[in-house]
Amino acid sequence: MPVPIPRQRAIPAAESGQAQAAHQGGTSTDQTPRKEATVDKNAATTTNLTLLLIEDDPGGSTVIPELQDSAGRPIRVRTARNLTEAARLLTDDVHCILLDLALPAPGHSDDEDELAVLKHVLELAPRHAVLALTASGDAERGAEAVRVGAQDYLFRDELDGRLLSRAIRYAVERKRSDAAERRLAEGRVRAQENRRLERGLLPTPLLEGSSLRFAARYRPGRSRALLGGDFYDVVRTPDGTVHAMIGDVCGHGPDEAALGVELRIAWRALTLAGLCGDELLGTLQEVLEHERSDDEIFATLCTVDISPDGRRAGLCLAGHPSPLIARPGRTADLLPYDNNGPALGLLPGARWPRMQVELGREWSLMLYTDGLIEGRIGEGRLERLGQDGMVEMVRRQLSEGLRGEALLRAAVNEVRELNGGELTDDVAVLLLDRGA
């Protein structure tokens, strides 16, 4: 007679190393504490395998022989007479399901879909291996079950312990392999999406016709695999003015990165359309307010427009650190930042004054995000590098003869070393040079 099904989901039904005992009458309960395991964590190799048999009359029809895993340990068997009982018994320590395809599916008739019960179980247990049990000689139905999603099929009248044990082990390993391949494919898709975001956040500058030299470096923080919300751009307009921008969306994740892409593209379009200064930043704030997913999200921004002769620049700061300028015979220092306006998205109707700056004949201008200055330093690394520390570091590197890409690489690497490892925030740095 069928083994009684317990009321509590956490207690197995008929479960033992030799399931035949359950079919010989009487009630069987397993007092051995269950080992928790999951399909995703190599449970098949660390704990006893557990099989859930789903059949209309498991006690009087299919006889489950003695089963063993590859190490000779008994495979435990649970039984369920219908899908309702199966759902209750489908705990995390079940590794494989043996499903009778003749079992009726809820709300379906055999004429509608002969594999409806299999599809229902696959939806119920997407992480579990499934073996389809069908009538002897019905290979066509078994093959269709594999096509739909089962790991394999078996004939009801040809079961033996060795065959079924091997089929269970194979099904569990194949399910794990399929899951690993799926994760790998998902990783490839994420990598492709990140590359598309990277092209949006870190574009090729439009400097054709300009004598200025450009260099940039980006390094993601340790909490993200690729990109965060830092972005930059450089374009030259038809009048010969070179416009540079660097920004940082607060927070980290795909939404922030996507918003950074939108702001960068909007900045380029508005700049090429002739906007600059307060008018440009005000329009970008409108874009941010419409596109952000939360009212608390804001972005800092630094924009510089360099005159066609390269000797003067207009500077606008929206809650962003001021650029560093280095000139021959003079100490490298920060550009003025007294009129720093608020970050975009914080104050409706805010204004961002445009400051006029004298650059001179020969100079290097470094724009950066706050990831470069917020790394930890010193004993116990309780202090931050800060802008003063960053300026001193760059002064020393310039005195050592570093320029261009080499200077940016050395700056980012030294900040990491001072921090004792990868930085928590992203770092974006760009450098514009004008020679004599």
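The values are calculated or read from the model by the stated rules, or taken from the named source; none is laboratory data. All of these numbers come straight from a predicted model, not from anything done at the bench. No Cβ is skipped: glycine too gets one built from the backbone with ideal geometry, and neighbour counts run over all protein chains shown.
The table that follows gives values for the structure above.
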read-out	value
Any hit, the range 284-300, residues being assigned to a strand (DSSP E or B), of a type outside the set (A, V, I, L, M) and at pLDDT 95 or above	yes
Residue in the range 249-258 that is assigned to a helix (DSSP H, G or I), closer than 14 Å to LEU202 by Cα and among the aliphatic types (A, V, I, L, M) present	yes
Residue satisfying all of: in the range 68-96; closer than 18 Å to LEU164 by Cβ and without any contact (Cβ under 8 Å) to a residue 12 or more places away in the chain; nearest to the chain's Cα centre (by Cα) among these	ALA71
Breaking point among (1) farther than 23 Å from ARG351 by Cβ; (2) assigned to a helix (DSSP H, G or I), for GLU279	(1)
Test: residue in the range 397-412 that is surrounded by 15 or more Cβ atoms within 10 Å (Cβ to Cβ), of a type in the set (Val, Ile, Thr), farther than 24 Å from ILE297 by Cα and under 28 Å from the mean Cα position of the chain (by Cα)	yes
Qualifying position, being touching a residue at least 24 places away in the same chain (Cβ under 8 Å), under 21 Å from ARG213 (Cα atoms) and either more than 28 Å from the chain's Cα centre (by Cα) or assigned by TED's automatic domain parsing to the domain that holds LEU324 (or both), among VAL415, VAL394	VAL394
LEU301 vs. criteria crowded, with 17+ Cβ neighbours inside 10 Å and farther than 23 Å from LEU259 by Cβ	no
Which listed residue, of ALA258, ALA244, is in the same structural domain as ASN419 (by TED's automatic domain parsing), aliphatic (A, V, I, L, M) and more than 25 Å from LEU407 (Cα to Cα)	ALA258
Residue match in the range 363-370 (condition: assigned to a loop (DSSP other than H, G, I, E, B), within 21 Å of ASN339 (Cβ to Cβ) and not basic (Lys, Arg))	yes
The lone exception for VAL261 - which of (1) within 26 Å of GLY375 (Cβ to Cβ); (2) not in a helix (DSSP H, G or I) it fails	(2)
Top-ranked residue of the range 241-267 - restricted to ones that are touching a residue at least 40 places away in the same chain (Cβ under 8 Å) and charged (D, E, K, R), ranked as nearest to GLY310 (Cα to Cα)	ARG264
Residues located in the range 227-254, provided they are within 18 Å of the chain's Cα centre (by Cα) and surrounded by fewer than 20 Cβ atoms within 10 Å (Cβ to Cβ)	CYS250, GLY251, HIS252, GLY253, PRO254
Given (1) within 25 Å of GLY435 (Cα to Cα); (2) of a type in the set (Val, Ile, Thr); (3) surrounded by 15 or more Cβ atoms within 10 Å (Cβ to Cβ), number of the condition ILE265 does not satisfy	(1)
Residue within the range 371-385 that is surrounded by 15 or more Cβ atoms within 10 Å (Cβ to Cβ), outside any helix (DSSP H, G or I) and in contact with a Phe, Trp or Tyr (Cβ under 6 Å, 6 or more places away or on another chain) present	no
Complete set of residues in the range 168-187 that are in contact (Cβ under 8 Å) with a residue 40 or more places away in the chain and not acidic (Asp, Glu)	ILE168, ARG169, ALA171, VAL172, ARG174, LYS175, ARG176, ALA179
Check on LEU284, of a type outside the set (Ser, Thr, Tyr) and in contact with a Gly (Cβ under 6 Å, 6 or more places away or on another chain)	no
Residue match in the range 329-336 (condition: within 25 Å of GLU256 (Cα to Cα) and either touching a helix residue (DSSP H, G or I) at 6+ places or on another chain (Cβ under 9 Å) or surrounded by 18 or more Cβ atoms within 10 Å (Cβ to Cβ) (or both))	no
Residue within the range 327-339 that is in a strand (DSSP E or B) and either closer than 22 Å to GLY229 by Cβ or acidic (Asp, Glu) (or both) present	yes
Of all residues in the range 301-326 being of a type in the set (D, E, K, R) and not in a loop (DSSP other than H, G, I, E, B), the one that is farthest from GLU374 (Cα to Cα)	ARG312
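Residue by residue, here is whether (1) crowded, with 20+ Cβ neighbours inside 10 Å; (2) without any contact (Cβ under 8 Å) to a residue 24 or more places away in the chain; (3) touching a Cys at 6+ places or on another chain (Cβ under 7 Å); (4) under 23 Å from ALA179 (Cβ atoms) holds:
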{"site": "LEU98", "(1), (2), (3), (4)": "yes, no, no, yes"}
{"site": "VAL121", "(1), (2), (3), (4)": "yes, no, no, yes"}
{"site": "ALA135", "(1), (2), (3), (4)": "no, no, no, no"}
{"site": "ASP152", "(1), (2), (3), (4)": "no, yes, no, yes"}
{"site": "ARG162", "(1), (2), (3), (4)": "no, yes, no, no"}
